[in-house]
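Structure, as structure tokens:
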Amino acid sequence: MLATDSMKRFVSCGLLLFVLGLAGSPHAAAQTETAGAQPNPLDEYLDLRLQEDIDGIRRVRIALLTMTGSFAVGAILSGTWGGLNCEGSGDIFSCDTSKQQALAGVGAFFSGAGTIGMLTTGIMLGVRNRQKRKTEELIRQKRQTARLRWDVESSGLRF
């Protein structure tokens, strides 16, 4: 008797979790929402375009962080070269340029590439954000201008 009660509780908890999982999933909501209606191609296009804009922004942010890291590595390498090869007292500094030229060259390259990359990806991020705002504005305008109408195929009111 104890085993059957625990089995009933286990099965009922499993069914409850299954139902809640289906009710909370976006696929179930989409199925119940569009059970008899055809999806609007413009809505699908705008949703796809918005998702592409969001993905593009994410990629550009990653590139911006990568270029910032490149600049930081270059600054560290150049600073290390300067700390190892430069001496000074007061206002007079002198650097021995014959030592560790590769460290200075690599540091300058990474700093320069990082600077150019940060400028380029910063501009790209601004462009992608502007595209995303335009897409969101199109979606907002479409939803505001949607009117209630009678759909003959589904015999119901549609927005």
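Values quoted throughout were computed directly from the atomic coordinates according to the rules given, and no laboratory measurement underlies them. The shown structure was predicted, so the numbers you read here are calculated from the model rather than taken from an experiment. Neighbour counts are summed over all protein chains in view; Cβ atoms, including those assigned to glycine, are modelled from backbone coordinates with ideal geometry.
Brief remarks on what is shown
- Placing dummy labels 7 Å off each Cα toward the beta-carbon, the span from residue 155 to residue 116 is 6.9 nm.
- Set against the 2.2 N^0.38 Å expectation for a compact globular protein, the stretch 92-141 has a Cα radius of gyration ratio of 2.15.
- Ignoring aspartates and glutamates fewer than eight residues from residue 134 along the same chain, the ones with Cα atoms less than 17 angstrom from its Cα are 43, 44, 47, 52, 53, 55.
- Computed label-point distance, nm, for sites residue 40 and residue 141 using a 7 Å Cα→Cβ extension: 1.4 nm
- Look at 154, 111 and count the other Cβ atoms within 10 Å of each Cβ; fewest to most, that gives 154, 111.
- Cα Rg over Rh - the stretch 39-158, Kirkwood: 1.41
- Label-reachable residues, the stretch 81-102, where backbone N falls under 11 Å from a point 7 Å from residue 108's Cα toward its Cβ: 101-102
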